[in-house]
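Written below as structure tokens is the structure these notes are about.
The values are calculated or read from the model by the stated rules, or taken from the named source; none is laboratory data. Given the structure is predicted, the values throughout are model-derived calculations rather than measurements. Glycine also receives a Cβ, built like all others from the backbone with ideal geometry; neighbour counts cover every protein chain displayed. Protein only, heavy atoms only, side chains kept; ligands, DNA and RNA dropped before computing areas. Shrake-Rupley method; radii C 1.70, N 1.55, O 1.52, S 1.80 Å.
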Amino acid sequence: MDSASVPDEEILTTIADVYKEGNGYTLDPHSAIGVAAARKARKPNATDVPMIVLACAHWAKFPDANRAALGEQAASTLKIPDELASLGTMPTRVSQQPNSVEKVQKFIVQ
């Protein structure tokens, strides 16, 4: 098992690199951290071994990061899926719960 840290600048660079290399595929910042860390962890003589990174979120949640990584023009061409675009218009429910494990568990069951 390996680990790596990824500074903000490298996150944005990874988003931009994958966008260019991946024919417009856009990473979210969390997934970009995974890709950058995987690239750091890859052994130099193991480039033929597949490396899998699971996406953690959707890029549409991070418009500021998209603009910073891709530039205003490229970021403005990204199409937010209808399912995500409609989330802001859907009804929401809020229920404040007390600081009690038992009461929160009962609420979840309910």
Out of the residues in region 1-31 that are of a type in the set (V, I, T) and part of a helix (DSSP H, G or I), which is most open to solvent (accessible area, probe 1.4 Å)?
T13
Could you check region 57-106 and list, in sequence order, the residues that are assigned to a helix (DSSP H, G or I), at pLDDT below 95 and farther than 18 Å from G24 by Cα?
D82, E83, L84, A85, S86, L87, G88, T89
Please go through region 32-56 and give me each residue that is assigned to a helix (DSSP H, G or I) and open to solvent by 60 Å² or more (accessible area, probe 1.4 Å), ordered by number.
I33, R39, K40
Taking first residues from region 82-110 that are without any contact (Cβ under 8 Å) to a residue 24 or more places away in the chain and second residues anywhere that are β-branched (V, I, T) and open to solvent by less than 100 Å² (accessible area, probe 1.4 Å), the pairs with Cβ under 9 Å that are 6 or more apart or on different chains are Q97/V104; P98/V104
